[in-house]
There are 2 protein chains.
Amino acid sequence: MRQQYFMPTRVIMGEDCVKSNPEIFREIGNKVLIVTGASSAKKNGSLDDVLNVLSSNGQTWTIFDRVTPNPSIACVREGAEFAKKEGVDSVIAIGGGSPMDAAKAINLLACQDISDDNLFSGQYGPEIMPMIFIPTTAGTGSEVTPYSILTNDRARTKTSLGSPILFPKYAFLDARYMLDMPMNITINTAIDALSHSIEGMITRRANPVTNSIAAESIRKISSCFDAMKSGKLSLDQRFELLYGSTLGGMVIANTGTTAVHSMGYSLTYFHNVDHGRANGLLLPAFMSYINKHKPELISTILSIMGFDTVQQFRDTLNDLLGVRESISREQAEKYAEIASRSKNVSNSIVVPSTDDLIGILYEALVL
Amino acid sequence: MRQQYFMPTRVIMGEDCVKSNPEIFREIGNKVLIVTGASSAKKNGSLDDVLNVLSSNGQTWTIFDRVTPNPSIACVREGAEFAKKEGVDSVIAIGGGSPMDAAKAINLLACQDISDDNLFSGQYGPEIMPMIFIPTTAGTGSEVTPYSILTNDRARTKTSLGSPILFPKYAFLDARYMLDMPMNITINTAIDALSHSIEGMITRRANPVTNSIAAESIRKISSCFDAMKSGKLSLDQRFELLYGSTLGGMVIANTGTTAVHSMGYSLTYFHNVDHGRANGLLLPAFMSYINKHKPELISTILSIMGFDTVQQFRDTLNDLLGVRESISREQAEKYAEIASRSKNVSNSIVVPSTDDLIGILYEALVL
């Protein structure tokens, strides 16, 4: 297993960083496809900031705002057709994980003819338009990863499409866009980011560089646990969560994720549980499983957050997540079976069997 | 001041990583220029590993091993003429900071016609050959930076040449090459790396991403203080120093350095003091100066190393460095004046005046 670190996206950060760097926007193209969700980018000021910059630069744009949560293949194919029809030469994604992940797939499918059979192969040509990504949630880290996660009805789960050509050229981080984010979304996305960094440390591809970045990400996000419980976050804390999330993206860009994500996708696909929340429901049970084989590693991760035991971490997550969803034994068995086919499972530092996955799902979700 | 993070080099790491990744070497070119120093790469096994990989790949190469410590403009011009004459299409640098920094400048000058007047301008065309860098010391971080530091006789100091085109395409990190490194070189280079991460945190361009990476770098290097004092380092500790050094490179690739480096260059230029050692002699006095203006920042840096005061840090460095060099008052004034013209000085989070620099040099070096 090659140990490597690679993350070529240029990250620009800080308050008003979009407005202060018009020359970076100017260089990406003449006609920009803006990919965003239905409403949040319009409300939080991010879309206005981008349009003002493009307008004063004399650039033109067209907006594709029909990205749904957990975007489907049909959704990104629609976006790609739109991009081709409009003749765009560059892409700006504004939003959470869904618009950002969709933007990568839209870009790829607008530039290359790829059948559904080959969509998740990672075997693509080099053609891609330059991309600027502006996250408006602090969770996915998509702004610094080469991944696009799409709902895959054929496999009845979410599946990752990945290639180095999908790294955005630029990422802009401004937590001002998150000031009015509802607390449940704040928590779910923060737990998604935390899960990335923790999972990154328990993959086979974890290495000293990714572990260093993961540790700092975990430190930043866990420093906001109390504030998230209180329901009130300052702008500084919003920035801590955002930087924690981007650092988490830098980790999984190199390590990938684990069985937590594989199992979580079933909770999202079959029960419509938010992605970050699904990870949070499963993470402690998975850490308990790994703890049986690698107690020092789990102890290291827990100590970064100030915990001695997985149970303490689970208690904190329970405080943040509220009443946990439950599933039946039969559902647990089915989801374990689906997850066992994903590559994330074999990426875990200890590879769980299907029975192990059933046990983890029981512990986490079967009352 | 734009806050940004960018480091596009792909870092491959771990024991025997050169031998295990021949396909990466194969892709860089058909005729490789190997840039190295006079002897260490031959002794520590790194050159043999590379030649074996190139040979089994069927690639050809030519070796430029006339890089001197603190390479001059004449030295890199000689290397560039050699590269052009030999018709190489790619570059592999093996060694410490001098061969690595020289390799970047040789590559640039082999691909582009640049006069001495424009050499440090940073205004170059895009032409450059792909580069693989293999550090055999754990100090410079050059394998992940866009800088080449050359001895500049016209300015009577060392001057940095920098451009994003100078990032190596790949860096290979294997601490096995450092197992037989003499302890004084180990210490000097480790202090250079530590200085990069500490200085990175006290620049105007420091940001939350670079600070996260710097903190982990400082943690790794300072965890080896006792082992360096004892004169005995395990392979694991050698790797900690190496990863600490690469992380330090990732920091200064974005932040640059401070007045410590500017002043240190005079100690190297006029007194032939090793570069890392020069930084170590000056760093505590510079931190004391910053501490008057930014006590929380210095306290944060010290606490990562387990220190409460700058004096404790200075004591530890003194243990490692042994008897300190001294300079005269007149020399301090001259070096402060030379340093005051460098851009590193204005890059410090608190910009010292020439009088401040004189005070720092007095405190550090005038008995």
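Here is how the numbers come out for the structure above:
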read-out	value
Pick from the stretch A:108-126, criterion touching a residue at least 24 places away in the same chain (Cβ under 8 Å) and touching a Ser or Thr at 6+ places or on another chain (Cβ under 9 Å), ranking: nearest to residue A:168 (Cα to Cα)	A:108
Candidates A:260, A:273 - the one that is assigned to a loop (DSSP other than H, G, I, E, B), under 30 Å from residue A:340 (Cβ atoms), modelled with pLDDT of 95 or more and assigned by TED's automatic domain parsing to the domain that holds residue A:320	A:273
Residue, farthest from the other protein chains (Cβ to nearest Cβ), within the stretch A:33-44, restricted to residues that are out of contact with any helix residue (DSSP H, G or I) (no Cβ under 6 Å at 6 or more places or on another chain) and touching a residue at least 60 places away in the same chain (Cβ under 8 Å)	A:43
Top-ranked residue in the stretch A:8-32 [being in contact with a Phe, Trp or Tyr (Cβ under 7 Å, 6 or more places away or on another chain) and within 13 Å of another protein chain (Cβ to nearest Cβ); ranked as surrounded by the fewest Cβ atoms within 10 Å (Cβ to Cβ)]	A:8
2 or more residues more than 21 Å from the chain's Cα centre (by Cα): qualifying strands (runs of 3 or more DSSP E) within the stretch A:15-110	A:31-36, A:60-64
Pairs with Cβ under 8 Å, 6+ apart, first in the stretch A:253-278 and farther than 21 Å from residue A:68 by Cα, second among the charged types (D, E, K, R) and surrounded by fewer than 24 Cβ atoms within 10 Å (Cβ to Cβ)	A:254/A:205; A:255/A:205; A:256/A:205; A:256/A:343
Entirely in the stretch A:149-247, the helices (runs of 4 or more DSSP H) that have 3 or more residues that are within 13 Å of chain B (Cβ to nearest Cβ) and over 21 Å from residue A:10 (Cβ atoms)	A:208-222
Candidates A:254, A:291 - the one that is within 14 Å of chain B (Cβ to nearest Cβ) and over 19 Å from residue B:215 (Cα atoms)	A:254
Flag if residue A:50 is among the β-branched types (Val, Ile, Thr) and either touching a Leu at 6+ places or on another chain (Cβ under 6 Å) or within 14 Å of chain B (Cβ to nearest Cβ) (or both)	no
Among (1) in the same structural domain as residue A:274 (by TED's automatic domain parsing); (2) farther than 26 Å from residue A:321 by Cα, the one test that residue A:203 misses	(2)
Filtered residue count, the stretch A:123-148, keeping only those that are in a loop (DSSP other than H, G, I, E, B) and modelled with pLDDT of 95 or more	15
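The values are calculated or read from the model by the stated rules, or taken from the named source; none is laboratory data. None of these values were measured; they are calculated from a predicted model. Neighbour counts run over all protein chains shown; Cβ positions are idealised from the backbone, glycine included.
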